[in-house]
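Q: Sending over a structure as structure tokens; questions will come in a sec.
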Amino acid sequence: MTPRHRDTRATVTPAPSISVPAAWQAWALSFLSPDEKILAWVAIDLDARLRFAQELVVVTDRRLLGCALGNNASLEGEPTCREWARRDGQRLSHDDHAGVGTLELLDGNGRLHHWRYTLAQDAAVLRLVQAFGRRQEEPSPESENGAALCPVCGTPLTADDDGCPNCAADGTAPPPSTWILFRLWRFAKPYKGSLLLGFILMLTSTAAGLVAPYLIMPLTDDVLVPAEKGVPVDIGLVALYLGGLLASALLAWGLGWGKTYILALVSERIGADLRTASFEHLMHLSLEYFGGKRTGDLMARISSETDRICLFLSLHLLDFATDVLMITMTAAVLFWINPWLALVTLLPLPFIAWMIHQVRDRLRTGFEKIGRAWSEVTNVLADTIPGIRVVKAFAQEGRETKRFQEANRHNLVANDRVNRLWSLFSPTVSLLTEIGLLVVWMFGIWQVSQSNISTGMLLSALAYIGRFYTRLDSMSRIVSVTQKAAAGAKRIFDILDHVSNVPEPVQPVPLPTVRGQIEMRNVVFRYGNRTVLRGVDLAVAPGEMIGLVGHSGSGKSTLVNLICRFYDAAEGAVLLDGIDIRTLAISDYRRHIGLVLQEPFLFFGTIAENIAYGRPGATREEIVAAARAAHAHEFILRLPHGYDSLVGERGQGLSGGERQRISIARALLIDPKILILDEATSSVDTETEKEIQKALDNLVRGRTTIAIAHRLSTLRKADRLVVMDRGQIVEEGTHDVLIARRGAYFRLYEAQARQVDTEFALAEPWGNTISTTDRSPK
Amino acid sequence: MKPFQLSRNAFGRLVLTADDGRIYENIVPARAFPISAPEAGLALIDEEGHERAWIDSLATLETALGSEIRTLIETVLAEREFVPAILRLRHVSTFATPSTWQVNTDRGETSFVLKGEEDIRLLSASSLLITDRDGVQYRIPDIAALDKHSRRLLDRFL
Ligand SMILES: Nc1ncnc2c1ncn2[C@@H]1O[C@H](COP(=O)(O)OP(=O)(O)OP(=O)(O)O)[C@@H](O)[C@H]1O
Ligand SMILES: [Mg+2]
């Protein structure tokens, strides 16, 4: 982010000159007159033929300049500039389509020039357009309400933000590698004590396991070899050595048991913490995140990836640590017995290390692919099972099975690829260790023949070496599971590292009492590259009821989503009682909002629990009162289990209207200051609508209400109607005023009245006068 | 196809004159299947978003109404459509997302931020559509045609 430099030459004027990007500074000095003030600039990144290029468009107090560089890659060479002196009647307009914006300079007669840019420059372009439109004497928007604006994108910054939430840095994460597993330490930390104990147990049990081969040496040299030579066997000595063998085995067993138990316990807890942490983080991510991710993928990540990591921690990491310990200790003992023998033993080690290095990255990417393939399998499940009614209705079971098969086949292919690599790896390690053993035998026999070492020494060393190689073998196997866990950890940390697009302010402004005044200031919003709201200005007084109407797709639900702060506006701001909602703690803010959606969602649980969802502490009396007010009480009582009936998935089926009334009761119970009804009464028959309407009338009283409805009759209680069309507010006023104006609302009303007439004529009402689909994001 | 006339006004916008003599300003052409069949169906949409003319294909348009009108529509489409084809991946900042990609495209060199793996959409077994953080789309028409370095980088995200 480039800080906005003040031009030191400029005296205190209302509109200070701002400096252009460093690369253009020299040009600006030479090209502009000394007292010319730069009001705004934007680095346009496309040329007229839509090729990537560099062009600087500058608005100064006297002209508009567009300077293109011949060479697009570097900022070298003389720029070629075009300029337009500022005149009355000129205006800049901007628009975008499919990720590309167009900036046009127009006057009364036509288009003077146009520029194209990618949406990355959109905020800068907006500032340019505003600067161009503003009369020079007006102050710059440095602080609209005392808050500073981000110099890059114009988002208002709160005092405690050390960066702009809108243009936070991207693409700077460290590359994924096995090291990502060390990030799991954050989850292991709370179990430091148990981990240390487990480690000590591991150390001692490993050491105990090493006693046995050592006893082979005296057993051979002091007992076996003399016995062969006819010396009578010393029973006491044999008992001592054999007793030692038994004791060490028992000790190793006991310690090994303790270690395995403790560490398995800890790793299971780490895995559980990891799962909870990812879920908790997921819950706080914005709707945009969920809109972009597939349900199955998220489910796979949180369930199976955490499981893999847990398995890795509990089994493989433990084995690995034991192996490493064993190998170092064995190597130490070997060196102590005979350094030369030890050196020969270590011979295959460099080869194995080299092999591990070779396969490691390929294994991990392979496992990452498997993870994704697995997600795809879950995706098909998460897609098909909730949609099973449609599948069956169109008799597409076979096609879905094929889709599943295909996803499964992908999974198979991904696995095969890893297995091909891996199946070669393990036997190769075994082969190397066998060869190593062979070399040690040869070297050992030669040494014995030279009488450099005793037979006992060789046998004992061979016993150690046997263990050493077995451990090496099993240790090399960990490469695979480690990479598997690393791939899993990467996919988990993908979630954990994702910063919500609706960030929680660092120092939230306290919100003691809410009057319920809502204001939207020049709000622009887009889903991806589709601009859905184009500069919406709306003020709602406390306690006022606004009816929001407009064609399907005009952006009504989107506007409401912004008020609920499910998304943040790309430009502009939403204010509650004059406070930018981005500076309020999210849960604090949402507590004051009651939301009733067209497709109310009921969670698995009883009706009472569902009504009390927003206020789990509510008493039974309160729940019943809310249900009564929502006109849900009676139908609930008709259910065999009353308020204790199970609803939601697999529970008691409820009709659309019944579910809606439960969700109204839910909104009523939290007693919100702001109420948002997004087509709360579509999809029900007229009779039920009347019931719901009565329920809503209870709900609306004394609250700031924004109601969206297609049936205009639903909004007869509204104080003011707001008509939206293609992302803009086109009309505002009461029903009578709007009808008198004969504009957009009038046409909507007419169309509906006609339809009602034909409905009566056909005597076959379709339920909905205008059929709608709610496109609110999932 | 009903005959119509198309021209460009001083503001650079298309103006459509229908065969009944009605005039619509600010017309935009829109492909019905921009990805799967770009040449197949085209609609001329007015300011309000209503369809004012349907063109089965540019070829039939040319035989019916002449090549001038086809050229005009193609020019306007070319001005609207921006889906650079990636020819080479020079560098990716990280294999985790978000990741900054430096690429060569048929429209010059650039870099963009890939927000997540799910922004890579598989169009067919060998072609991809990638959407960057700002909603700009890039396509890879044929993965096999990329050089080895690019393929290796790309493979990490698939
Ligand atoms: N999650 C989304 N991603 C992309 N585009 C979206 C998303 N949700 C809505 N849109 C688009 O935004 C536009 C406005 O949608 P919105 O849901 O606000 O319309 P609406 O006025 O509520 O319509 P309706 O009356 O049909 O509910 C539509 O063109 C829609 O296609
Ligand atoms: Mg809607």
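The values are calculated or read from the model by the stated rules, or taken from the named source; none is laboratory data. Predicted, not measured: the structure shown is a model, and the values here were computed from it. Every residue, glycine as well, gets a Cβ built from its backbone with ideal geometry; the counts of neighbours run over all protein chains shown. Just the protein is used for accessible areas: all its heavy atoms, side chains included, with ligands, DNA and RNA removed. Shrake-Rupley method; radii C 1.70, N 1.55, O 1.52, S 1.80 Å.
Q: State whether one or more residues within the stretch A:549-563 are assigned to a strand (DSSP E or B), of a type outside the set (Asp, Glu) and either within 15 Å of ligand 2 (Cβ to nearest atom) or touching a helix residue (DSSP H, G or I) at 6+ places or on another chain (Cβ under 9 Å) (or both).
A: The first filter runs over the stretch A:549-563 and keeps only residues assigned to a strand (DSSP E or B), leaving A:549-550.
Then keep just the ones that are of a type outside the set (Asp, Glu); that gives A:549-550.
Within this subset, residues satisfying the condition of being either within 15 Å of ligand 2 (Cβ to nearest atom) or touching a helix residue (DSSP H, G or I) at 6+ places or on another chain (Cβ under 9 Å) (or both) are A:549-550.
Yes, there is a match, as at least one residue in the stretch A:549-563 is assigned to a strand (DSSP E or B), of a type outside the set (Asp, Glu) and either within 15 Å of ligand 2 (Cβ to nearest atom) or touching a helix residue (DSSP H, G or I) at 6+ places or on another chain (Cβ under 9 Å) (or both).
Q: Conditions: (1) at pLDDT below 85; (2) open to solvent by 40 Å² or more (accessible area, probe 1.4 Å). A:Ala486 meets all but one. Number of the miss?
A: Going through (1) at pLDDT below 85; (2) open to solvent by 40 Å² or more (accessible area, probe 1.4 Å) one by one, A:Ala486 breaks only (2).
Q: Considering only the stretch A:33-47, state which residues are farther than 16 Å from A:Val125 by Cβ and surrounded by fewer than 19 Cβ atoms within 10 Å (Cβ to Cβ).
A: Of all residues in the stretch A:33-47, those farther than 16 Å from A:Val125 by Cβ come to A:33-37.
If the condition is that a residue be farther than 16 Å from A:Val125 by Cβ and surrounded by fewer than 19 Cβ atoms within 10 Å (Cβ to Cβ), then A:Ser33, A:Pro34, A:Asp35, A:Glu36 are the ones that fit.
Q: Same structure again: For the stretch A:520-539, how many residues meet the condition of being part of a strand (DSSP E or B), at the interface with chain B (Cβ under 10 Å from one of its Cβ atoms) and within 8 Å of ligand 1 (Cβ to nearest atom)? Before you say what the answer is, go through the steps one by one.
A: Here is the first cut: in the stretch A:520-539, the ones part of a strand (DSSP E or B) are A:520-527, A:530-539.
Among the residues that remain, those that are also at the interface with chain B (Cβ under 10 Å from one of its Cβ atoms) are: A:526-527, A:530-531.
Still in the list and also within 8 Å of ligand 1 (Cβ to nearest atom): A:527, A:530.
Within the stretch A:520-539, residues that are part of a strand (DSSP E or B), at the interface with chain B (Cβ under 10 Å from one of its Cβ atoms) and within 8 Å of ligand 1 (Cβ to nearest atom) number 2.
Q: Grab the strands (runs of 3 or more DSSP E) fully contained in the stretch B:1-74, keeping just those with 3 or more residues being within 28 Å of B:Gln137 (Cβ to Cβ), hydrophobic (A, V, I, L, M, F, W, C) and free of Cβ contacts under 8 Å to residues at least 40 places away in the same chain. Can you show your working first?
A: Values: elements: B:5-8, B:14-17, B:23-31, B:42-45, B:51-55.
Fully inside the stretch B:1-74 and qualifying: B:42-45.
Q: Of the residues that sit in the stretch B:14-34 and are within 12 Å of chain A (Cβ to nearest Cβ) and open to solvent by 30 Å² or more (accessible area, probe 1.4 Å), which one is farthest from B:Val83 (Cα to Cα)? Working first, answer last.
A: Here is the first cut: in the stretch B:14-34, the ones within 12 Å of chain A (Cβ to nearest Cβ) are B:26, B:28-31, B:34.
When the remaining residues are screened for being open to solvent by 30 Å² or more (accessible area, probe 1.4 Å), the result is B:26, B:28, B:30-31, B:34.
Working: B:Asn26: 23, B:Val28: 18, B:Ala30: 15, B:Arg31: 14, B:Pro34: 11 Å.
For the stretch B:14-34, the residue satisfying everything is B:Asn26.
Q: Sticking with this one: For A:Ile546, indicate whether it is within 16 Å of ligand 2 (Cβ to nearest atom), farther than 21 Å from A:Ala626 by Cβ and modelled with pLDDT of 85 or more. Spell out how you get there, then give the answer.
A: Values: within 16 Å of ligand 2 (Cβ to nearest atom): yes; farther than 21 Å from A:Ala626 by Cβ: yes; modelled with pLDDT of 85 or more: yes.
Judged against the criteria, A:Ile546 is a match.
Q: Would you please list the contacts, defined by Cβ atoms under 7 Å and residues six or more apart or on different chains, that run from a residue in the stretch A:554-567 that is within 14 Å of chain B (Cβ to nearest Cβ) to a residue that is more than 7 Å from ligand 1 (Cβ to nearest atom) and among the hydrophobic types (A, V, I, L, M, F, W, C)?
A: Between residues of the stretch A:554-567 that are within 14 Å of chain B (Cβ to nearest Cβ) and residues that are more than 7 Å from ligand 1 (Cβ to nearest atom) and among the hydrophobic types (A, V, I, L, M, F, W, C), the close pairs are A:Gly555/A:Leu533.
Q: Please work out which one of (1) crowded, with 17+ Cβ neighbours inside 10 Å; (2) over 18 Å from the mean Cα position of the chain (by Cα); (3) without any contact (Cβ under 8 Å) to a residue 60 or more places away in the chain is the condition B:Pro84 fails and give its number.
A: Status for B:Pro84: all satisfied but (2).
Q: Looking at the stretch B:113-142, which of its residues are open to solvent by 10 Å² or more (accessible area, probe 1.4 Å) and within 10 Å of another protein chain (Cβ to nearest Cβ)?
A: Result: B:Val113, B:Lys115, B:Glu117, B:Glu118, B:Asp119, B:Thr131, B:Asp132, B:Arg133, B:Asp134, B:Gln137.
Q: Return the pairs, sorted by first residue and then second, in which the second residue is surrounded by fewer than 15 Cβ atoms within 10 Å (Cβ to Cβ) and among the small types (Gly, Ala, Ser), the first residue lies in the stretch A:601-612 and is under 16 Å from A:Leu637 (Cβ atoms), the beta carbons are less than 9 Å apart, and the residues are 6+ apart or on different chains.
A: Qualifying pairs under 9 Å: A:Ile607/A:Gly642; A:Ala608/A:Gly642.
Q: Quick check on this structure: which one of A:Arg726, A:Arg666 is touching a residue at least 24 places away in the same chain (Cβ under 8 Å) and within 16 Å of ligand 2 (Cβ to nearest atom)? Show your work before the answer.
A: Working: A:Arg666 fails: within 16 Å of ligand 2 (Cβ to nearest atom).
When all the criteria are applied, what remains is A:Arg726.
Q: What about B:Asp147, is it at pLDDT below 90 and charged (D, E, K, R)? Reasoning before the result, please.
A: Numbers: at pLDDT below 90: no; charged (D, E, K, R): yes.
Here the answer is no, as B:Asp147 does not meet what is asked.
Q: Follow-up question, since we're still on this one. Being more than 10 Å from chain A (Cβ to nearest Cβ), of a type in the set (A, V, I, L, M) and surrounded by fewer than 15 Cβ atoms within 10 Å (Cβ to Cβ) is true for just one of B:Ala78, B:Ala145. Which residue is that? Let's see the steps before the verdict.
A: Values: B:Ala78 fails: more than 10 Å from chain A (Cβ to nearest Cβ).
It is B:Ala145.
Q: Based on this model, can you work out whether A:Leu462 counts as over 30 Å from A:Arg127 (Cβ atoms), free of Cβ contacts under 8 Å to residues at least 60 places away in the same chain, away from ligand 1 (no atom under 16 Å from the Cβ) and among the aliphatic types (A, V, I, L, M)? Quick ask: steps written out before the conclusion?
A: Values: over 30 Å from A:Arg127 (Cβ atoms): yes; free of Cβ contacts under 8 Å to residues at least 60 places away in the same chain: yes; away from ligand 1 (no atom under 16 Å from the Cβ): yes; among the aliphatic types (A, V, I, L, M): yes.
Here the answer is yes, as A:Leu462 does meet what is asked.
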